[in-house]
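The values are calculated or read from the model by the stated rules, or taken from the named source; none is laboratory data. It should be emphasised that the depicted structure is a prediction, and the values quoted were computed from it without experimental measurement. Cβ: placed from backbone, ideal geometry, glycine included. Neighbour counts: every protein chain shown.
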Amino acid sequence: MSVLIFAEAEKRTFKKVGFEVASYGRALADQLNVKLIAVAINTDDVHALAKYGVDHIVQIDTVALENFSAHNYAKALAAVAKNQNAKTVVLSSTANARYLAPLLSVALEASYASNVVALPVSLDPFVVKRSCFTNKAFNHTTLSGAINLIGLASNSYGIHEKTSQPEIVSFSVDVEQDLVQTQSIEKVTGKVSIADADIVVSGGRGLKGPENWHLIEDLATTLGAATACSKPVSDMGWRPHSEHVGQTGKPVASNLYIAIGVSGAIQHLAGINASKVKVVINNDPEAPFFKAADYGVVGDAFKVVPELIEKLKAFKAGAH
Amino acid sequence: MNVLVCISNVPDTTSKINFVENDTQFDTNGVQFIINPNDEFGLTRAIWLQQQQQAEVTVLTVGDASCEAILRKCLAIGAQKAIRIDALPTDGFAVAQEIAAHCKNESYDLIITGRESIDYNGGMVGGILAGLLGMGYVTNCIGLTISGDTASLSREIDGGKENLSAALPLVIGAQKGLVEEDDLIIPNMRGIMQARQKPLTVLPSQNLTPKTTISKFEKPQPKGAVKLIAEDQLDQLIELLHSEAKVI
Ligand SMILES: Cc1cc2nc3c(=O)[nH]c(=O)nc-3n(C[C@H](O)[C@H](O)[C@H](O)COP(=O)(O)OP(=O)(O)OC[C@H]3O[C@@H](n4cnc5c(N)ncnc54)[C@H](O)[C@@H]3O)c2cc1C
Ligand SMILES: Nc1ncnc2c1ncn2[C@@H]1O[C@H](COP(=O)(O)O)[C@@H](O)[C@H]1O
């Protein structure tokens, strides 16, 4: 028996979520008193996982899996899970992981819970806490499969170091022609993506127009943050749709979310509520966002944001 | 071309989320139900296929009789047929199995689900359905054109998009971008009248054993009050974010 995790990588390097899933997997394997096995697909430095307590690394390296294919990745993970007799499989909540997880659950006939926010509430029966109603509630879900599959919500467990000396084995998989073929990938380069960002700076209708977005972008650059916006802002074409966050847009689970000129409508908050710390800058003290935020500045964005940028630059240039 | 759109019946986005029966049931009191927003984007795309490429559009929901109002709304929007599978949708895997059992007797070229439901947030029914039917699957779908028996698609990925092609039959997970908000069809009087005449078939449940069960619900801890920082004290904000919140 074992806990199996998929440590995701991009450009042959592990993503941070890979380490979060490993950290979670380690704790879960300790609770269950079994080994923690990680699957690494096309990565250059599997040893990086030794910092997070992995006992055993199954390394798959093949050009056939160079492009992500939900079908073939699910097939590869299912093959490893069966080979290693894994009873619990843990994936992250990246777009790719959420894409392949249901296919994997079919391949393994596993019970599957997505959006899991913590270690199991109980091991026997196997009960997990997951978020639902778009972050407005949680439910306790009992997984009763012979194999249980968990999708760990982003940034819900954190990265915890624990040194190990993993045994590394390579594994080969049969790759078939996927029914779905990738033709091309268009990635925005040189920008932090909302999914990967520790900090997200978001602008709403209060910024008055796209010509003022340099405020959001400058603040984001200063903080190494991703930029985001409210739905009307993307609907009006001030910003690309890919920046729209909220219930009907992208979910955000960053460490810090700064909302500027965003009122804090329920649908906006639902999508960003999983963020750890929320800051609001709004000139209306009655804006609902103040009820959801940890820190707030009542003030005019056009005055506050430039000053904040200057002060942050000074702070960054200083002792830190 | 036969298109099936899977519809989840969900509480309106502004609903107060409360639970009853010792926190084991969602409190539907005073809650208005809507077509899951992601499914509505998918339905609109399906109606365009009907208008431009003579597709026949069927909508399907797994749920009790209370879901029929939503199915009638889909008919008023333009779907030709509606199906309700008479089972309580408590488990995503079981919902997918119920839908798969129906699809095996039909010949759908395209099955549209939503990227995720806004109540369960499983993000699973479409993928499981594709897996069970052995069909291709593309989720987070923000672009779809069909010519002959192939589909060209785009999918939103973290930090960009991916363009794909696939042979029909195919399952997709729809989201905003597949059509835009402004494209959503608001039923008119004629549509509503016609919907009354359109077939709504009720199919029996497969009575499956669920793979998961929800034992209880919980609401997030109430939030502490916001700490207000005066607009001329921004150094204090930076200090709090650094030393107290430890996020910068
Ligand atoms: C089904 C459905 C789904 C939805 N999904 C989403 C979603 O996913 N994401 C989303 O964001 N919305 C969503 N919405 C829309 C949501 O209800 C709100 O309309 C939207 O979030 C408001 O955007 P906003 O805060 O930018 O604009 P407004 O509500 O117009 O707020 C602008 C704010 O800026 C402030 N302001 C004005 N001038 C200044 C200034 N000089 N300095 C500082 N502050 C200033 C104002 O006080 C105000 O609070 C959805 C709605 C529905 C019905
Ligand atoms: N009870 C249901 N009946 C029909 N379709 C459903 C049902 N539940 C979910 N779906 C479909 O599956 C999608 C994903 O749902 P979920 O896996 O719950 O996030 C939804 O957007 C719907 O298209």
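Points to keep in mind about this one:
- Residue tally, condition under 24 Å from residue A:208 (Cβ atoms), of a type in the set (Asp, Glu) and in contact (Cβ under 8 Å) with a residue 12 or more places away in the chain, over segment A:292-320: 1
- The residues on offer are A:200, A:169, and the sole one that is touching a Ser or Thr at 6+ places or on another chain (Cβ under 7 Å), in a strand (DSSP E or B) and among the β-branched types (Val, Ile, Thr) is A:200.
- Yes/no for residue A:80 being buried (at least 20 other Cβ atoms within 10 Å of the Cβ) and at pLDDT 95 or above: yes
- Selection status of residue A:55, away from chain B (no Cβ under 14 Å) and either out of contact with any strand residue (DSSP E or B) (no Cβ under 6 Å at 6 or more places or on another chain) or under 30 Å from residue A:250 (Cα atoms) (or both): no
- Some residue of segment B:186-203 being within 7 Å of chain A (Cβ to nearest Cβ) and of a type in the set (S, T, N, Q): no
- The listed residue being out of contact with any Ser or Thr (no Cβ under 6 Å at 6 or more places or on another chain) and more than 10 Å from chain B (Cβ to nearest Cβ), out of A:263, A:242, A:234: A:263
- Residue in segment B:62-76 that is part of a loop (DSSP other than H, G, I, E, B) and more than 13 Å from the chain's Cα centre (by Cα) present: yes
- The strands (runs of 3 or more DSSP E) falling completely within segment A:205-301 that include 2 or more residues that are near ligand 1 (Cβ under 7 Å from one of its atoms) map to A:277-282.
- Every condition in (1) out of contact with any Leu (no Cβ under 8 Å at 6 or more places or on another chain); (2) within 16 Å of residue B:199 (Cβ to Cβ) is met by residue B:57 except one, and the failing one is (1).
- Residue check, residue A:97 part of a loop (DSSP other than H, G, I, E, B) and more than 9 Å from chain B (Cβ to nearest Cβ): no
- Selected residue (only one of A:148, A:212, A:155 is more than 10 Å from chain B (Cβ to nearest Cβ) and closer than 20 Å to residue A:4 by Cα): A:155
Yes/no per residue for (1) surrounded by fewer than 20 Cβ atoms within 10 Å (Cβ to Cβ); (2) free of Cβ contacts under 8 Å to residues at least 60 places away in the same chain; (3) more than 23 Å from residue B:177 (Cβ to Cβ):
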{"position": "A:205", "(1), (2), (3)": "yes, yes, no"}
{"position": "A:213", "(1), (2), (3)": "yes, yes, no"}
{"position": "A:221", "(1), (2), (3)": "yes, yes, yes"}
{"position": "A:225", "(1), (2), (3)": "no, yes, yes"}
{"position": "A:234", "(1), (2), (3)": "no, yes, no"}
{"position": "A:240", "(1), (2), (3)": "yes, yes, no"}
{"position": "A:243", "(1), (2), (3)": "no, yes, no"}
{"position": "A:246", "(1), (2), (3)": "no, yes, no"}
{"position": "A:252", "(1), (2), (3)": "no, yes, no"}
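- Number of positions in segment B:35-57 that are assigned to a strand (DSSP E or B) and away from ligand 2 (no atom under 12 Å from the Cβ): 2
- Of note, residue A:108 satisfies the criterion of being within 13 Å of chain B (Cβ to nearest Cβ), surrounded by 20 or more Cβ atoms within 10 Å (Cβ to Cβ) and over 18 Å from the mean Cα position of the chain (by Cα).
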